[in-house]
Structures are given as structure tokens and as C-alpha cells.
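These notes concern the structure reproduced below.
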Amino acid sequence: VEDGFFGSWYTARVLETREARGAGKLRVRYDAFREDDGSTWEDWVELEHVRPLPPRHKPQFVTELDASAPLELLFKEGWWEVLYDGRAGGGRHAVVAPQYNVHHTVPASQLRPAWRWAAAERTWDVRLDSSDAPAAPAPKPTKAFKVR
């Protein structure tokens, strides 16, 4: 995980697959990132760091949230793991990204449930509490982002 991108998911297109050292790898092209020359950013990532797009959610799901409920926040073209901190008034909601100690106040349209992809079963479920959220960044690889 590139420094500063731990706990985030970005949309990418799969361009190629490869088996390497017993693990699947994918060559992806990120929708949000560009190289300095304007070309699209492509990278090889391990299969375990890729998931399909999550299902749609009920727009009113935020009315059912408890404090510290895990969510994903749309921020700078990526979905970031955050915890719900409560209503902030004016249709906005307070969230915190504990791994960065950053607080945001955003409209409900920038929030979605914290989806968990079970690759072996090929199913989605919603994380209901923060107990299985990552606590700290993983070791930094070379120039690779998680397609997380």
C-alpha cells in the first residue's frame, strides 16, 4: 500500500491476469490516477487486494447508523474506511478516519456501508462494527496501490 492510501479503494479496470509464485496477479488501470505525462496509471496488484464493485445500498441507510459504525467515504475519487461520528446538522454527517486522525463532515451522498468481499464465497456483507477494521498500515510495497 502506497503511503497515504491505506484503507482506501479505487476503481480500476483489469487489463491482464497472471499467475506469479503461486498467487494471482492482475494488471490494472486506475480510473483516478494519471502519470506526470497524463497517461493512465497501470500497475500489477495481487488478487487479494482487488474486489468487484460493491452492490448498491439504500440511500436512507445513514438514518440507521450507530456511533462508530464503519463506513466508506467518497473522498478524492476513492472510497476511504471511516467510522460514523454522528449527525452534524443540515443533512450532513460527521465521520472520522482513525488511522489518519482526520475528521470530515459530509452529505449522506458521500457515504456508503463498509462492504466486505468474501472472495472464496463470492459474496458481499456489511461490516457492522469496527472490530475487524485495519488498525495500522501494511508494509509499503514498491509503487503499487491497492485497488481496494
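The values are calculated or read from the model by the stated rules, or taken from the named source; none is laboratory data. Just so we're clear, the structure is a prediction, and the values are computed from it rather than from any experiment. Using ideal geometry, Cβ is built from the backbone for each residue, glycine included, and neighbour counts are taken over all protein chains shown. Accessible surface areas use protein heavy atoms only, side chains included; no ligands, DNA or RNA. Shrake-Rupley method; radii C 1.70, N 1.55, O 1.52, S 1.80 Å.
Descriptive notes on the structure:
- Of the whole protein surface, residue 33 contributes about 30 Å² of accessible area at a 1.4 Å probe radius.
- Surface accessible to a 1.4 Å probe, residue 100 within the full protein complex, Å²: 80 Å²
- Separation between Cα centres of segment 66-98 and segment 15-56, rounded to whole Å: 26 Å
- Per-peptide average of other Cβ atoms within 10 Å, ordering 35-48, 80-93 highest first: 80-93, 35-48
- Loop-located trypsin sites (Lys or Arg not before Pro) in segment 22-85 (DSSP state other than H, G, I, E, B) with a sparse environment of at most 10 neighbouring Cβ atoms within 10 Å: 56, 76.
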